[in-house]
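Right, one structure below, let's go through it.
The values are calculated or read from the model by the stated rules, or taken from the named source; none is laboratory data. All figures in this text were calculated on a predicted structure; none of them were measured in a lab. Reconstructed Cβ throughout: ideal geometry from the backbone, glycine too, with neighbour counts over all protein chains shown. The protein model used for the area step is the full one, side chains on, heavy atoms only, and it has no ligands, DNA or RNA in it. Shrake-Rupley method; radii C 1.70, N 1.55, O 1.52, S 1.80 Å.
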Amino acid sequence: LNVTEEKFVLDTLAGCTEYKSILDVVVNAFYVQDGRYCPISERNLYIVICYLATFQLEEIGLQHFSRIVKSLDTAKMQQFLRFFFNDLYLNTWIKDEWSHIYDSVYVKENFIDPLLRWQPKVQQLIEKLTDKLSNCSSTVKTSRVTQPKEFNLTVPKPRAIPPPSPAPLPVLPKRQPVPPSIYKPPKERKQLEEIKTKNIQKAKIIFSFVSFNLAPFICFKFLYRIISAVLVLWSQMSCEQYLEVVWESVLTQYFEELTKQPQDLIDNIPIKLNTAAILREGALYQRKLEEELKRVENLQQGAGDSSEFLEWQKQMRGKDVEDQLAEIECRRLQGKLSYEEAVLAHQNVTQENKKKADLLREEKAELMHLYAEKRLQEQKAMKELVEQVMEGHKNVKQAKEKIQEYKQQIVQQVCEESGELLRQALEEQEEKNRKRYELIQQIRAIESTPSIRHKLVDLTETGGHGLFGEMSVVELRERLALLKEAQKAAEEEKRDQIIHEKQAKEQLILDKLDHISQFRAELGRAAAFKQEEKKKSQPGKRPMKDERILNLQKKIVEKTMERKKQAELL
């Protein structure tokens, strides 16, 4: 293409891309109503014609537009132009659909009114296309009827009786595909990993109780309630926050209740023990008995008593627990204070963002104004370029005829080559079928020969392979029967031995249970006596107060009031 033609093509492409939304409205409706049987591959053709008729008709003129339309398929152009330049369609739904995209006044003045002004002249073009179609359909040449002639065929010779057709070859059954579950890891492994992770984290929570030495304050009646409450809170929060919530919501609830429970309720709880628990508890009481005897011997020899040290250690541990509770309360209040400060910072950021948004809107309006001016200049330059393009068009009919002749020569050469290749392929296939038939005949001849397939077997004779320990089948059966009898006698002997061991173990467990019950009764009486002395000696404790906690509470109240005032201003 020369410069003028190239400029026209580029302008048309840019316009179709820019006004794609309003062009798609007309083309989509055409495919739904009148163009139901038109191929979808011609969609771009209708888009270009619609763009030229809507935006470029005044610039290129009706004569040039008619030449473009007549160079295309007559029936398709007549059908599309009759649909697009319909007065009813332009004034009703086309105008309404375009008004959704652009302003209604702008659509009427710049799109609808020019189309209605050109509609009478375009209607004449449509009538010419209709007349051309009617003339083409009326002047159809009548072809001469072909007169059939008889073929000069040779008389076929009588055919010999063909051999029986070969039996069909057996077809193997279709194999089942490999299931996709072979290449995927089993679900059980993933479930086990999840259970393992949960158990590890549960163990960490229980270990945190033990690390703070709360055993003197926790009784067995409320231990299950504490652990279940901790696990519920842990499932709802992250691992970093669970300690604060545990100390605040669980331990502060049950601390007084746990310390006030009588020791008799603890000792009278029925516990079902298995064999391992009985042996373990029996060994524990035996070890305590030996330690007590050793302590008595040391006292007789002049050693000191460690009760005062234990009492001091107990007091210090209680003080550590109180300090830890105060520290946890301080952390909780610090977190609440940081939340209030974060809310205030968020409100300040919101105000700054609103100011930035207003500045951006003003800059955007200025840029849109500059873009509109630049667009008007480009449209003027495009109009000048189109006028230059219209002056430089030339006829390309001779070039099209040369290309058509060259394509016909190529097609003729390809047809000759394909016929030769097809003949060679048929000859090769016939040779393969002949060899295959000969091979099948040879296989059938081999299968038809008789063969002796039965062999007499004597079970009392050996195989004669020359191996050490070689024996006949009858002797092998006798030896297997003897081996089974010996194995059964060994199993009976082992079963009797297991029964005797089980009876001895049961007797040992009964003895251990008697021993454990005696120790429990003695320990229960000692614990009750110690609890009564403790109640008499210890007065009630005062509630804990800390200056840090009071200061943090004051700061939180101040920040809350400031946040509410800021929210009212916003």
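Here are the numbers:
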item: Test result for Thr74, more than 39 Å from the chain's Cα centre (by Cα) and of a type in the set (Val, Ile, Thr); result: yes
item: Among residues of the stretch 60-71, those that are surrounded by 16 or more Cβ atoms within 10 Å (Cβ to Cβ) and under 55 Å from the mean Cα position of the chain (by Cα), counted; result: 2
item: Verdict on Thr12 being open to solvent by less than 30 Å² (accessible area, probe 1.4 Å) and of a type outside the set (A, V, I, L, M); result: yes
item: Tally of residues being open to solvent by 50 Å² or more (accessible area, probe 1.4 Å) and part of a helix (DSSP H, G or I) across the stretch 76-98; result: 10
item: Leading residue by the ranking (farthest from the chain's Cα centre (by Cα)) among those in the stretch 115-135 that are closer than 17 Å to Tyr51 by Cα and open to solvent by less than 20 Å² (accessible area, probe 1.4 Å); result: Val122
item: Test result for Thr449, surrounded by 10 or more Cβ atoms within 10 Å (Cβ to Cβ), at pLDDT below 90 and hydroxyl-bearing (Ser, Thr, Tyr); result: no
item: Any hit, the stretch 35-46, residues being within 22 Å of Pro114 (Cβ to Cβ), open to solvent by 10 Å² or more (accessible area, probe 1.4 Å), at pLDDT 85 or above and not aliphatic (A, V, I, L, M); result: no
item: Some residue of the stretch 321-341 being loosely packed, with under 12 Cβ neighbours inside 10 Å and aliphatic (A, V, I, L, M); result: no
item: Criterion violated by Met471 - all others in (1) open to solvent by less than 100 Å² (accessible area, probe 1.4 Å); (2) modelled with pLDDT of 80 or more; (3) within 30 Å of Ala14 (Cβ to Cβ); (4) of a type outside the set (Ser, Thr, Tyr) satisfied; result: (3)
